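Working notes, structure below.
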Amino acid sequence: MSDRDTLFSAPIAQLGDWTFDERVAEVFPDMIQRSVPGYSNIISMIGMLAGRFVSAGSQVYDLGCSLGAATLSVRRNIQAEGCRIIAVDNSPAMVERCRRHIDAFRAQTPVEVREADIREVTIENASLVVLNFTLQFLQPDDRLALLKKVYAGLNPGGALVLSEKFSFADQTVGELLFDMHHDFKRANGYSELEISQKRSMLENVMLTDSVDDHKARLASAGFHHAGVWFQCFNFGSLVAVKENAK
Ligand SMILES: C[S@@+](CC[C@H](N)C(=O)[O-])C[C@H]1O[C@@H](n2cnc3c(N)ncnc32)[C@H](O)[C@@H]1O
Ligand SMILES: O=C(O)C(=O)C[C@]1(C(=O)O)C=C[C@@H](O)C=C1
């Protein structure tokens, strides 16, 4: 278990923009579990998707890997031989902890943890690419280029898992799911102050899209097959599959 997240429990005079720094990395497992409804289900089901999609001799990319939760789930479920997982994050605090975390467990499939910007990483010979709550932290103008690169780097029959916090075109539904997410945080022990301070810090940094925006962007990137496979309130995950060669 990681330390309990109490980062925003006292009033902060100058709320800056959100960063994935040392203090966030230290409490991250507790923070994400208590903040993202369905997180642990998504992590274990990414493993199931890996069992299905990862093919022999191919690579898996976990882009914005944080402490490597998705990477570990993938590694536990890979059935194929000769695969490699490349886990990438640009936060030194996350990468340092991720390396330690991954090395703590022994397994067949090698994992390379890279400290890099996902916009700069080459993607090749991939059977599975995971963007688990990462795309939302890229500037909107950079998102399509990343997805095009993912599409080009996937082998035929390969898949992208894209998990995000969603926005909604319908105001009534959007407000309901936003409120239910806040209820979820309160039920997990976060105070009004913690919820509102974190929300202001994320405001300029995490810009969310609707499911329709995601589907349209995935189509522009080349994916002809994409759909939601999981949703809880305003959080969810899409899978996009590259068609098999004819
Ligand atoms: C919400 S966390 C992802 C959680 C993680 N995928 C999991 O399943 O536990 C977002 C991560 O994306 C990383 N990130 C954001 N922008 C990035 C970029 N341009 N390049 C690499 N990593 C990035 C952050 O450092 C952070 O660790
Ligand atoms: O929207 C929120 O309130 C969140 O806490 C979301 C979110 C995310 O989706 O990545 C933001 C930052 C933390 O990494 C954990 C969760």
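A few comments on the model shown:
- Computed over the range 44-174: relative contact order in percent, which uses C-alpha pairs under 8 Å that are six or more apart: 26 percent
- In the context of the full set of protein chains, the range 177-246 has a per residue accessible area of 50 Å² (1.4 Å probe).
- Per-residue ellipticity at 222 nm computed for the chain from its helices equals -13000 deg cm²/dmol, with DSSP H segments shorter than 4 residues left out and the rest contributing -39,500 (n - 2.57).
- Top of 208, 71, 19 by mean-square fluctuation, Gaussian network on the chain, Cα under 10 Å: 19
- Annotation: per residue accessible area for the range 98-167 equals 46 Å², rounded to a whole number [probe 1.4 Å, protein chains only].
- Axis of helix 92-103 versus longest Cα principal axis of the chain: the two differ by about 60°, to the nearest ten degrees.
- A straight Cα-to-Cα reach below 19 Å connects residue 215 with the lysines 148, 149, 165, 242, residues fewer than 8 places away in its own chain not being considered.
- Contact order, relative form, for the range 3-112: 26 percent (alpha carbon pairs under 8 Å, 6 or more residues apart, mean separation divided by residue count).
- Tilt relative to the chain, helix 211-221 - C-alpha long axis, 0 to 90 degrees, to 10: 30 degrees
- Summed side-chain charge close to residue 34 - residues other than residue 34 whose Cβ falls under 12 Å, Lys, Arg +1, Asp, Glu -1: +1
- The length gained by stretching the chain between residue 179 and residue 100 to full extension, at 0.36 nm per residue less their Cα-Cα distance, is 24.8 nm.
- Share of carbon and sulfur in the accessible heavy-atom surface of the chain [1.4 Å probe, %]: 50 percent
- Label reach from residue 107 (point 7 Å along Cα→C-beta): in the range 24-53, amide nitrogens under 18 Å belong to 29, 40-53.
- Axis angle, to the nearest 10 degrees, between helix 140-153 and the longest C-alpha principal axis of the chain: 20 degrees.
- The equivalent ellipsoid of the chain has semi-axes of 29, 22, 16 Å, largest first, where each one is the square root of 5 times an eigenvalue of the Cα gyration tensor.
- Computed over the chain, relative contact order equals 22 percent, with contacts defined as Cα pairs under 8 Å that lie 6+ residues apart.
- Computed from backbone phi with θ = phi - 60° and the Karplus coefficients 6.51, -1.76 and 1.60, the 3J(HN,Hα) list for the range 199-205 is 4, 5, 5, 7, 3, 8, 10 Hz; x is used for glycine and proline.
The values are calculated or read from the model by the stated rules, or taken from the named source; none is laboratory data. Just so it is clear, the structure is predicted and the values come from calculations on it, not from any experiment. Neighbour counts run over all protein chains shown; Cβ positions are idealised from the backbone, glycine included. Side chains included, ligands, DNA and RNA excluded: accessible areas come from the protein's heavy atoms. Shrake-Rupley method; radii C 1.70, N 1.55, O 1.52, S 1.80 Å.
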